[in-house]
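A.B. asks: First the structure, then my questions, so here it is.
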Amino acid sequence: MEEKWVENVVYERPLSLSGVATHYCPGCTHGLIHKLIGEVIDELGIRERTVAVAPVGCSVLLYNYFELDCAEAAHGRAPAMATGLKRVQPDRIVFTYQGDGDLASIGIAEIIWAATRGENITVFFINNAIYGMTGGQMAPTSLPGQVTGSSPMGRDVEMTGMPIRMAELLAGLPGSSYVVRRSVYDIRTIKDARKAIRTAFRVQMSGAGFSLIEFLSSCPTNWGLAPYEALNWIKENMVPYYPLGDYKVVDMVKELK
Amino acid sequence: MAKELLKGNVAIAEAAIRAGLQAYFGYPITPQTELLEHMSLRMPQLGRVFLQAESELAAINMVYGASCAGVRVMTSSSGPGISLMQEGLSYIACSEVPVVVVDIMRGGPGLGNIQPTQADYNQLTKGAGHGDFRSIVLAPSSVQEAIDFTVLAFDLADKYRTLAILAGDGMVGQMMEPAELPAMQKPPVSRPNWALTGARSRPKNIITSLFLSAENLEEVNTRLQAKINRIKAEEVRYEEMLANDAEILIVAFGTAGRIAKTAIREARLQGIRAGLLRPITLFPFPFAPLDRLVQDSQRERSVKSVLVVEMSAGQMVEDVRLGVRGRVPVYFYGRTGGAVPLPDEILDQILGLARRQNEVTEPGADYREDLQGPASTPMAA
C-alpha cells in the first residue's frame, strides 16, 4: 500500500492582517508587532468590531496592513481621536498604535489625559528611541549620548533633559488600569509581548479601562546597525534605562487572568 | 412651539441637541461657555456623549474620531480656541467627515478680550487650516437665527460631508431674546456606510487625510474643489432689506447687519435711499446678489456706493470689493476690539456718503484718503 502524505497547516496569516508587503525597513520590529497584534485580534474573535487609529510616524500606513476599520490621526492626537471613536460606540474595540515622537513628545497631553480619564482604549506604544520617518532625529526617548540626526554630537542631557519613561509616568496616574513594558528582541520577549497584547485587549473587552503596552523596538536603519545588532542594542542599551516589567496592573485586571 | 426667553449660547446648544446631536466635545472659553455648560447637563440626561476635553486641540480630535464613527457631533469655541483647532479642521476637511463647529467670536488678535467682534471672518471663510479647503460658514444675527442656522449646519454638514461653521459673535452668544426652539428630532439609528464601526461582513473602511502620491492627492483636491463649487452654486443665503431701489448699499453680517437695519430705517425717514445686503452664508459669499444689485447701477435709480460695516478692521470688505469690481466706490466702516457700532455711527456714515454722492462718483474713489470716516470713529479702509 502506498504511503499517504498529509499536509498540515501549521501557520496561516491572521485574517486581521492584509496580504501585502510592508514598507518597513529590513529588521524593523514594527512588522513583528503588527503580526502579534493581528494574531491576538483573530484569537479573541474581535476583528469585525475593532477600529484602529494610526499615528504619524513610520506606522502612518498601518491601515494598509490591518484588515480592520482604520482612522489616520494627526501627529500625537490618536488618543483623542480614539476617545471620540470609543465614546460613541463603547461596544467596539478601539486601539491606537503610536511611536515615541507621536506619543511621548507632541501627543503627551493627549495620552496623559486619555489615561487619566481611564479611557477604555488600548494603546500600543512603540519606543525605538528615534524619529524614524523623518530620517533619524532625536526622540524624547533617545538615550543620553545617543547620536542622531539632530544630536550629531550625542544627546546632551544638560541641554535636552533626560529621556522620558512613559510606562512609569502613565502607571503613576490614578486612571490607568494596565501599563506594562515589553520588548521583542528574542523569542522569550516576543512571547511575553504577545501575552501582554492579549491581556490589554481583554482589559478593554471587560470594560476595565485604559491599557498600554510600551514596546522597546528597533530601528536598524537610523541606528546604523545590522538587524541582529539592533536587537542586541535594545537589550544592552535600552533595557537598562527602560526596564521591562509590569508597572500597573489593577485588581480588576489581575482577576482577568 | 411657543417662544421662550433664551440666551444665544444656550439656544444654540439646545437646538443642536434637538437636531439629533449625539456627541459634544469642548473646552471652556468665554464668551461661549454657557453652550458647553448646557451640553454638560443635557447630553448625559439624554444618554448621549458629553466630554470636557483637556484642550481645544484634543476636543477637535475627539470630534474627528466621533465623526469617523458616523454620528452627529459638534464642538464650540471662540477665536483663540478655533486657532488651536485649525490642525484638526484641516484633517476633517480632507477626510470629508461631517462636523459642526460653533465660533462665538471675541476680540483679538492674541488673547484680545471677551467682547464681541467679527474678526474671525478671514480665519473661518478662507479655510481655517492648512491646505486647500473651505467650510460652509453661517452668520446669525439673532437668537432665532442662531437656532435655525444650527439645525441647518447639521443638515449641510451631512449633505456635503463637510465642515459647517456657525459664526456668531459674542453679542449673539450672550444676548437673551425670545425665540422658538425646534421639535426634538431623534438621532439617526443607522450609521453611514463609510463609518468606522468595525469591518463586519464588508471590506474595511479607512478614513485618512494622507495621500502620498501627487496623482492621488490631486484627485482628492479636485473632488474637494468640485464639492466647494457645488456648495457655491447651491447654498448661498442672504437677506436683502430695501436693497432694490437703494443708492447706498450697506453690506454687513451678523450683529453689524442687524444694527445697520436701524440706521437704514432712520436714513429712509430722512429721504436717503439706503438698503442692506446681509450675507447669511459668509462662505459661500453672496457674490451673485451683490453683482445683481451693483449691475442695476447702470439704471437711473440704483446703487451709487457701497458701505461695508464690520466689527473688525475690515475683512469681508475684501470680498465685497472683489464682487463690486470697481464699478462703484466701496467704503468701509468698522469698530474693533469689541466695540459695537451704534446705529447713529452707521447713520453718520450714510449721511456723509449721501452728501458726497454728487461730488465723487468715479470708480476707485473709495481708495481716497479724504473719504475716511469721522475722526472720532476711525477704521476707514
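A.B. asks: Look through segment A:43-54, keep the residues that are more than 8 Å from chain B (Cβ to nearest Cβ) and in contact (Cβ under 8 Å) with a residue 12 or more places away in the chain, and return whichever of them is surrounded by the fewest Cβ atoms within 10 Å (Cβ to Cβ).
C.D. replies: Among those that are more than 8 Å from chain B (Cβ to nearest Cβ) and in contact (Cβ under 8 Å) with a residue 12 or more places away in the chain, it is A:Glu43.
A.B. asks: Looking at segment A:129-146, is at least one residue closer than 10 Å to A:Trp223 by Cα and among the hydrophobic types (A, V, I, L, M, F, W, C)?
C.D. replies: Yes, segment A:129-146 has at least one match.
A.B. asks: In the same structural domain as B:Tyr333 (by TED's automatic domain parsing) and touching a Leu at 6+ places or on another chain (Cβ under 8 Å): does that describe B:Ala274?
C.D. replies: yes
A.B. asks: Another question about this same structure. Hey, can you tell me all the residues within segment B:236-264 that are over 17 Å from B:Gly323 (Cβ atoms) and of a type outside the set (A, V, I, L, M)?
C.D. replies: Listed by number, the residues that qualify are B:Asn244, B:Asp245, B:Glu247, B:Gly254, B:Thr255, B:Arg258, B:Lys261, B:Thr262.
Okay, residues lined up against (1) β-branched (Val, Ile, Thr); (2) modelled with pLDDT under 95; (3) farther than 21 Å from B:Val303 by Cβ:
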position: B:Val320; (1), (2), (3): yes, no, no
position: B:Val328; (1), (2), (3): yes, yes, no
position: B:Gly352; (1), (2), (3): no, no, no
position: B:Arg368; (1), (2), (3): no, yes, no
position: B:Pro374; (1), (2), (3): no, yes, yes
position: B:Ala380; (1), (2), (3): no, yes, no
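A.B. asks: Given the criteria modelled with pLDDT under 95, hydroxyl-bearing (Ser, Thr, Tyr) and outside any loop (DSSP other than H, G, I, E, B), does B:Ser302 qualify?
C.D. replies: no
A.B. asks: Here are the criteria: (1) at the interface with chain B (Cβ under 8 Å from one of its Cβ atoms); (2) under 23 Å from B:Ser90 (Cα atoms); (3) touching a strand residue (DSSP E or B) at 6+ places or on another chain (Cβ under 6 Å). Tell me which single one A:Thr96 does not satisfy.
C.D. replies: With respect to (1) at the interface with chain B (Cβ under 8 Å from one of its Cβ atoms); (2) under 23 Å from B:Ser90 (Cα atoms); (3) touching a strand residue (DSSP E or B) at 6+ places or on another chain (Cβ under 6 Å), A:Thr96 is out only on (1).
Okay, residues lined up against (1) of a type in the set (A, V, I, L, M); (2) surrounded by fewer than 23 Cβ atoms within 10 Å (Cβ to Cβ):
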position: A:Asn8; (1), (2): no, yes
position: A:Val20; (1), (2): yes, yes
position: A:Gly31; (1), (2): no, yes
position: A:Lys35; (1), (2): no, yes
position: A:Gly38; (1), (2): no, yes
position: A:Ile41; (1), (2): yes, no
position: A:His75; (1), (2): no, yes
position: A:Ala82; (1), (2): yes, no
position: A:Pro90; (1), (2): no, yes
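A.B. asks: A follow-up question, please. Do you know which residues across segment B:72-99 are within 9 Å of chain A (Cβ to nearest Cβ) and buried (at least 24 other Cβ atoms within 10 Å of the Cβ)?
C.D. replies: Once the filter is applied, which keeps residues that are within 9 Å of chain A (Cβ to nearest Cβ) and buried (at least 24 other Cβ atoms within 10 Å of the Cβ), segment B:72-99 yields B:Val73, B:Gly88, B:Tyr91.
A.B. asks: Further question on the same structure: State which residue is nearest to A:Ala71 (Cα to Cα) when the search covers only segment B:176-214 and only residues that are touching a residue at least 24 places away in the same chain (Cβ under 8 Å) and not in a loop (DSSP other than H, G, I, E, B).
C.D. replies: Result: B:Ile207.
A.B. asks: Here is a list of conditions, (1) part of a helix (DSSP H, G or I); (2) more than 7 Å from chain B (Cβ to nearest Cβ), and A:Glu110 meets all of them except one; can you say which number that is?
C.D. replies: The failed condition is (2).
A.B. asks: Only residues that are under 23 Å from B:Ala260 (Cβ atoms) and either buried (at least 16 other Cβ atoms within 10 Å of the Cβ) or at pLDDT 95 or above (or both): list them for segment B:230-248, please.
C.D. replies: B:Val236, B:Arg237, B:Tyr238, B:Glu239, B:Glu240, B:Met241, B:Leu242, B:Ala243, B:Ala246, B:Glu247, B:Ile248
A.B. asks: Out of B:Ala11, B:Ala19, B:Ala2, B:Ala15, report the one residue that is on the phi < 0 side of the Ramachandran plot, at pLDDT below 95 and away from chain A (no Cβ under 14 Å).
C.D. replies: Exactly one residue qualifies, and that residue is B:Ala2.
A.B. asks: Of all strands (runs of 3 or more DSSP E) completely enclosed by segment A:160-257, which ones contain at least 3 residues that are closer than 13 Å to A:Phe124 by Cα?
C.D. replies: A:176-183, A:210-216
A.B. asks: Before we move on, is A:Ala82 aliphatic (A, V, I, L, M), in a helix (DSSP H, G or I) and facing chain B (nearest Cβ under 7 Å)?
C.D. replies: Here the answer is yes, as A:Ala82 does meet what is asked.
A.B. asks: Return the total of residues in segment B:128-158 being outside any helix (DSSP H, G or I) and either without any contact (Cβ under 8 Å) to a residue 24 or more places away in the chain or surrounded by 24 or more Cβ atoms within 10 Å (Cβ to Cβ) (or both).
C.D. replies: 8
A.B. asks: Looking only at segment A:55-73, filter to residues that are touching a Ser or Thr at 6+ places or on another chain (Cβ under 9 Å) and more than 9 Å from every other protein chain (Cβ to nearest Cβ); which one of those is surrounded by the fewest Cβ atoms within 10 Å (Cβ to Cβ)?
C.D. replies: Across segment A:55-73, the extreme among qualifying residues is A:Gly57.
A.B. asks: For segment B:182-211, how many residues are of a type outside the set (A, V, I, L, M), under 30 Å from the mean Cα position of the chain (by Cα) and facing chain A (nearest Cβ under 7 Å)?
C.D. replies: Total meeting the criteria: 2.
A.B. asks: Quick check: is even one residue across segment B:252-259 in contact with a Leu (Cβ under 8 Å, 6 or more places away or on another chain), assigned to a helix (DSSP H, G or I) and either basic (Lys, Arg) or closer than 21 Å to B:Val308 by Cβ (or both)?
C.D. replies: yes
The values are calculated or read from the model by the stated rules, or taken from the named source; none is laboratory data. Quantities reported herein were computed from a predicted structural model and do not represent experimental measurements. Positions of Cβ are generated from backbone atoms using ideal geometry, with glycine treated the same way; all protein chains shown enter the neighbour counts.
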